[in-house]
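Read-outs throughout are calculated quantities, based only on the coordinates presented, and are distinct from any laboratory measurement. Since the model is a prediction, treat every value here as computed from it, not as a measurement. Here Cβ is always computed from backbone atoms with ideal geometry, including for glycine, and neighbour counts include all displayed protein chains.
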Amino acid sequence: MSALLVLMCIAWLLLAGTQIVRNLGDMARFGAMLFQTLAPLQLALAIFFSALLAASGVAQEKDRRTLVLLLLTNLTNSELVLGKLLASLLNVLVLLAASLPLFMLSALFGGVSFQQISLVFAVTLATSLAAGSLGSLLALWREKTFQTLALTALALVFWLAAGEALAWGALGRVWLGIPADVWAAGFSPWQAILMATRPLVQDQNPLPYVGHAINLFLLFALTVAVALNAVAILLVRVWNPSREARPGTDDTPQDESIWGLSEKSVAPKPVARSVHAAGGKTRQVWDNPIIWREIATWAYGRKVLIIRLAYLLLVGLAGAALYGTLHGEQGLGTASAALVMVPLFVLSLVLVNAQAVTALTSERDVRALDLLLVTDLTAKEFVFGKLGGIFYNTKEMVLLPMALCLFLWFERAVSGENLLYLLGGLAVMNVFVAVLGVHAGMSYGNSRTAIGVSLGTVFFLFIGIAACMQMMIAFSGSFHWQIQPFLAFMLGGAVGLYAALGSRNPSLAIGVASVLCPIATFWAITSFLLQYTLGVFLATVVTYGFATAAMLVPAIYEFDVATGRTTGGEE
């Protein structure tokens, strides 16, 4: 709520500083523009946190083996599933209730009706319930936290992408005499929220049986939520405890690693075990056992292949959309290509960050980190071994977006200079989100808190950038007039970033990075809008490169504290 209030104040300062408010019509246009900015932002936050909190809440129970204890109680399936879901969504519902007076206040400017506000909140609530149900179902189904988070993110992206493709006319421009974008609003939360923020006039394209497209979306979202929860209620005791958590079953692999995870090879037939020697196949462990565990074993489960296949499918669809955009009859060009590439970039960075933070939290929950207390493993071996494994397991998320950038260069949609900026910026941001995940996983002992801080930092970074760019374009004017209104936004971003990164391991370097990142990001946004691409590249590389280096030292320090060693050479 405070972030939305700050954005409202910034918008008013931008209006008063760049334009002259002459009459009530100007106030009404400001109210409508503000409403169309805040409502999609609130929806994005609701979708992300509903899915994240529901998925991480169940995943934490599984990692700590407490879900098995809940299954042994007299709780019914419906009480277990719905109870965890509603408990996870409680924070989101409270935040939505707190933001309602703020939206009511925006109606006082004019240009917005209370009916529009009610439709926006109805769409947001229905979407939150559906997203939370999806996260809860996938968490109950899958055993590994990374699988849960990645599948949830991919499913939400597929949902939003399908709605955008439908609105663009991928399956036809008109169905039953009704435009495709109206049908898209009945199935896509993004299209529904955009329609809800527009001035309501007599609907000229009513849908069959339901009338307005938003009514169809509410029915669709609630149906999806009911269906997902019904499946979870029916199969929760079938899926849990999973085979990976059942000792002594016939399907348990016989060649388990020192972390209890099977190697990437076909398990040999069971052999008679001796009480004096370990049976089974012996394996050669690399000099760095951390990166060996990450690469040579199924550390995150065999079903991680589903994530890779789903991501490959999404990249294929993005490539087809790019080709159609660049070679279409309408000639939409580079601007529309960016609408395809930017969501893919964000998804890739989120998946890399999820892999990084769960690489630490999953081991902490099963107490595998305690093994480090009796080893001679150095801090560099641990941290850089983890980073090597993270980039190996997410190589598709790192390389395929770069391959699409090369495709844009081949099609002459971007110049060779801008291609270098894109590839360099993506490389820096991938390293940044990976180190951020490791840093959060080492700093926070609670897995749910670590995942929330890590993914939340990445999400708020891109949401903040999108909100700033939208407001700068909406209240167009001289950018030197806009720096004063955005000072409060940059100050709040600096405080939030330092609280996330430096509250557990404070350092001067993290403090400097927390202050520089919001300022440099604002400067990069203005440079981008002014088409100073070199400035954007330099600001990104220098600022986030420094932030990455600032997090590596606290990560190593936290590792040494956990193992009872110091790096200063003291005895």
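General remarks:
- Computed on the Cα atoms alone, the convex hull of region 56-116 gives a volume of 103 cubic angstrom per residue.
- As a proxy for reagent exposure, ranking Val383, Val366 by other Cβ atoms within 10 Å from fewest up yields Val366, Val383.
- Note on region 1-244: Cα-only Rg and Dmax are 20.4, 69 Å.
- Close amide-amide hydrogen proximity is noted between Trp175 and Ala180, each under 5 Å apart and 5 or more residues distant or on a separate chain (H modeled in the peptide plane; Pro and chain starts excluded).
- Amide H contacts for Leu207 (H built 1.01 Å from N in the peptide plane; partners 5 or more residues away or on another chain; cut-off under 5 Å): His212, Ala213.
- From phi via Karplus (6.51, -1.76, 1.60), per-residue ³J(HN,Hα) for region 51-65 in Hz, x at Gly/Pro: 5, 5, 5, 5, 5, 5, x, 6, 4, 5, 4, 6, 4, 8, 6
- Computed extension length for Met104-Ala466: 127.9 nm, one decimal, from 0.36 nm per residue of separation with the Cα-Cα distance subtracted.
- Sorting 510-516, 305-311 by average packing, meaning the other beta carbons within 10 Å per residue, from highest down gives 510-516, 305-311.
- Ordered by the number of other Cβ atoms lying within 10 Å of each residue's own Cβ, fewest first, Leu461, Leu207 fall into the sequence Leu207, Leu461.
- Shown in residue order for region 189-196 are the 3J(HN,Hα) couplings computed by the Karplus curve 6.51 cos²θ - 1.76 cosθ + 1.60 at θ = phi - 60°: x, 5, 5, 5, 5, 5, 5, 5 Hz (x for Gly and Pro).
- Nearest-0.05 FRET efficiency for Leu75 and Leu95, computed from C-beta distance (R0 30 Å): 0.60
- Computed from backbone phi with θ = phi - 60° and the Karplus coefficients 6.51, -1.76 and 1.60, the 3J(HN,Hα) list for region 23-30 is 8, 5, x, 5, 5, 5, 5, 5 Hz; x is used for glycine and proline.
- Among the listed pairs Lys144/Lys380; Lys84/Lys303; Lys303/Lys380; Lys144/Lys303, those beyond 18 Å (Cα-Cα): Lys144/Lys380; Lys84/Lys303; Lys303/Lys380
- With a Förster radius of 30 Å applied to the C-beta separation of Asn446 and Leu234, the computed FRET efficiency comes to 0.45.
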